[in-house]
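The values are calculated or read from the model by the stated rules, or taken from the named source; none is laboratory data. As the structure is a computational prediction, the values presented were derived from the model and not from experiment. All Cβ positions, glycine included, derive from the backbone under ideal geometry; neighbour counts span all protein chains shown.
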Amino acid sequence: MSSAPLWPFALFIALVIGLVLFMLAASWLLGGRRRDRVTEEPYESGMPLTGSAHIRLSIKYYLIAMFFVLFDLETIFLVTWAAAARESGWTGYVAMLVFVVSLVVALAYLWREGALDCGPRPTRESPADKERAR
């Protein structure tokens, strides 16, 4: 077992650290020194602040974000499998088929439970309620 010299790696690390220190020093030297009330305020698309940034978000926002991440990861797995489909053979095909079927089953379960409904759930009126409404 031969060991490769480590000096290229050490040189690379030293250059990276030197570059980071240079960028920090340059931003400190060239950066603005004046502090105003306007300078300290957050800036968002040129619009003045209208309220606090600490607001409560609905749980539906987080559900949509989780679904996006799950489907995004599914897409990544499918695309990488498609790129290597011939090399992976039937074993890879069966594995991907099991993966997709499990995702479809999970999606069907979530759909049935109502996790994909963004609006309020409709109430079911009984025939007696309809009769009373007349």
For helices (runs of 4 or more DSSP H) lying entirely in the stretch 25-114, having 3 or more residues that are modelled with pLDDT of 80 or more and of a type in the set (A, V, I, L, M, F, W, C) picks out 59-83, 85-113
Scan the stretch 4-19 and give yes if some residue there is modelled with pLDDT under 90, surrounded by 10 or more Cβ atoms within 10 Å (Cβ to Cβ) and farther than 27 Å from residue 115 by Cβ, otherwise no. no
Take residue 121 and decide whether it is at pLDDT below 75 and either in contact with a Gly (Cβ under 7 Å, 6 or more places away or on another chain) or part of a helix (DSSP H, G or I) (or both). yes
